[in-house]
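> Pasting a structure here, questions to come.
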């Protein structure tokens, strides 16, 4: 990676990004030439994607995030006393490779350095034996000190440091396990948090109560601005605002920690342990994601579960499955795995690119997806107790938390395939559709995992200084649901119309929609336009025309589309960034749905995809175009660069899919 003068690797101004050119598309091609070029590109992409299918029927690309996953994995193993030399060496190879020239680590490719990521990466390399005097370590330490030292890191980083005495527990926000006693109607009960936050917070209440400290293997004085005063007090906000109120609540909880009745606290921790164990998945993980698994293992260990206990053994084995070993001997930790999501998107892409609907690969994919259907009740039933189960999760194993986005896309994928057991497909689709409709929030839209998970209080807690901790409805999830309902013949259902009305109200003045789970307005707009058209909006509708105009206005000069993650924090980046295959695919999918097949923007976008395709039928994409939390936690889904360009090319060549139309 190379650094620019402002220290951001590969960064460019919004204007420069819009004008960037990676591959020059063909110029002066006739419509017939472009049709043939697109068809050949689609054929190569189909062959590439088919070759990547697992024998069981699923697809899964790597899910790349940032080095905090790798650092925390090493810290966990150090805490448990199981850190081994091979794991440490492999993780260190990956972490060193991700360091920027200025000494920092970023949270996404080409992004600015980030304090917490740099602190955690530095500590991990110290565990690997890198000395503070080494040039790369000295640069990192100086970079951290210049930005406030460890004291400027987020709460979760300082919790990891507190586990080894590098930070004082007294200087962290308090999170008492008695939180689990709050009734479901009371503000700040655990079900007011999004499922990913809930699964992390419950085990952390145990850690916060126990306040463990393992002997530190080395000091970290070099990461403090003043080693003699490493824990400077944070200023108290005025009591008249919510920040001040919650800061004072935290002070009260710290006082309570000193006098908490032992019997009550012991009972609370036992309740937390039971809650954690009940939610362990069949493969040993928690929620199919790495952070809750890590904290659950720590919490149970503190409560007396030894490493040989079946729960602990299964949990540690599940964490090993998050590791991706590279040919060079390095090891990257995935925060999550996305086989259901990748498989339904790959199925849609292949079907829309002309693969026969009864092709063995598609039938095998449907068989696997049908086996992954979730038919048991999970935490979503707290808000919807009468709703029968149905739907799909994102991961291999996450039966407690099926999600609405995956369910909508799986149903769309199932409808693309002619399966030899149609009654089995119909039954699964009916259950998934019923569950999805039941998860509609009061305003008419859909969140990802829960209904009406919109309390404003959790985000205000001093503990919650990193990412989104609630799950409000989003335009991209709502759009996928509306599109699915339209394909199920429910375009005129009052619930679908409420979703359409919500989407129309959420359109921004520039004509775009915000992207919650993908970057960013290109993703939101690429999701919403096909849904609105499927739901019956004419292509002449003013909302459609505004969106089409916006997409045309942000197309890069090279013919592609890109949007940098910085668009979440800086409006100047909205719709601007280096062209990527996945984002170009999203824009084309939207424009094709809006009837723009013969427009110049579509022709230029298709030409860009064809010109940037590699010989093996794939595309290269180092940029992060997915999100866990907008801006705070970014994701590079390695299969996005294959499925979305193929979907766009397929729809360009074979036409738009529509309800009731067999491909």
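> In nm, what is the difference between 0.36 nm times the number of residues separating residue 654 and residue 86 and their Cα-Cα distance? Don't skip to the end; give the middle numbers.
Details: separation 568, 0.36 × 568 = 204.48 nm, distance 5.02 nm.
Stretched fully, the residue 654-residue 86 segment lengthens by 199.5 nm.
> Rg and Dmax of the range 208-282, Cα atoms, in Å?
So, for the range 208-282, Rg and Dmax equal 18.0, 48 Å respectively.
> Once label points are set 7 Å from the Cα along Cα→Cβ at both residue 371 and residue 181, what is their separation, rounded to one decimal in nm?
4.6 nm
> Let me ask you something else. Tell me the mean residue ellipticity at 222 nm calculated for the chain from its helices only (DSSP H runs of n ≥ 4, each -39500 (n - 2.57), averaged over every residue, nearest 500). Provide the component values of the computation, followed by the final result.
Working: 23 runs with 308 residues, N = 663.
One gets -15000 deg cm²/dmol as the mean residue ellipticity at 222 nm.
> Nearest 10 degrees, 0 to 90: what angle lies between the long axis of helix 310-320 and the longest principal axis of the chain (Cα atoms)?
The helix 310-320 is inclined about 60 degrees to the chain.
> Taking one equal scatterer on every alpha-carbon of the range 430-581, how large is log10 of I(q)/I(0) by Debye at q = 0.13, 0.14, 0.16, 0.18 1/Å?
Computed log10 I(q)/I(0) values: -0.64, -0.73, -0.92, -1.09.
> Oh, and also: Normalise the Debye intensity by I(0) for the range 89-185, one equal point scatterer per Cα, no solvent, then take log10 at q = 0.11 Å⁻¹ and round to two decimals.
Results for the range 89-185 at q = 0.11 Å⁻¹ read -0.39.
> If you don't mind, there's one more thing I want to ask. What FRET efficiency comes out for residue 553 versus residue 501 if R0 is 25 angstrom and r is the Cβ-Cβ distance? Round to the nearest 0.05.
Working: r = 26 Å, r/R0 = 1.04.
It comes to 0.45.
> Same structure again: Please sort 636-644, 530-538 by packing, taking for each peptide the average over its residues of neighbouring beta carbons within 10 angstrom, highest first. If you can, show how the numbers build up before the last one.
Working: 636-644: 24.6, 530-538: 20.9.
Output ranking for 636-644, 530-538: 636-644, 530-538.
> Label-point separation (nm) for residue 214 and residue 101, each offset 7 Å from Cα along Cα-to-Cβ?
According to this spin-label approximation, the distance is 3.7 nm.
> Here's something else I'd like to know. If you stretched the chain out fully between residue 539 and residue 306, how much longer would it get, using 0.36 nm times the residue separation minus the C-alpha to C-alpha distance? Could you put the intermediate results ahead of the total?
Numbers: separation 233, 0.36 × 233 = 83.88 nm, distance 6.19 nm.
Extending this stretch completely gives an extra 77.7 nm.
> OK, next. Over the Cα atoms, compute the radius of gyration (one decimal) and Dmax (the largest Cα-Cα distance, rounded to a whole number) for the range 92-144, in Å.
Just the Cα atoms of the range 92-144 yield Rg and Dmax of 9.8, 27 Å.
> When ranked by the protection proxy of mean other Cβ atoms within 10 Å per residue, highest first, what sequence do the peptides 569-577, 253-261 form? Display every interim value, and only then the final one.
On the way: 569-577: 18.9, 253-261: 13.1.
Most protected by this proxy first, the peptides run 569-577, 253-261.
> With a point put 7 Å past each Cα toward its Cβ, work out how far residue 328 is from residue 256 in nm, to one decimal.
Going by the 7 Å Cα→Cβ label model, 4.9 nm.
> Using the reciprocal of the averaged 1/r over all distinct C-alpha pairs, how large is the Kirkwood radius of the range 336-486 in Å? Walk me through the numbers before you get to the answer.
Values: mean 1/r = 0.0625 Å⁻¹.
The Cα-based Kirkwood calculation yields 16.0 Å.
> Does anything in the range 321-357 have its amide N under 15 Å from the 7 Å Cα→Cβ label point of residue 282, and if so which residues?
340
> Then there is this: Using alpha carbon centroids, what distance separates the range 619-655 and the range 66-138, in Å?
27 Å
> To test your reading of the geometry: what angle, between 0 and 90 degrees and rounded to tens, separates the Cα axis of helix 135-146 from the longest principal axis of the chain?
80 degrees
> Helix 242-259 versus the longest principal axis of the chain: what angle, 0 to 90°, nearest 10, using Cα atoms?
Here the helix axis deviates by roughly 40 degrees.
> Fully extended, how many nm does the chain gain between residue 599 and residue 188 (0.36 nm per residue separation, minus their Cα-Cα distance)? List each step's numbers first, then the result.
On the way: separation 411, 0.36 × 411 = 147.96 nm, distance 5.09 nm.
Once the chain is fully extended between residue 599 and residue 188, it gains 142.9 nm.
Where a number appears in this text, it was derived from the coordinates with a stated rule and is not lab data. Every value quoted in this text rests on a predicted model; they were computed, and no experiment measured them. We place every Cβ from the backbone using ideal geometry, glycine too, and count neighbours over all the protein chains shown.
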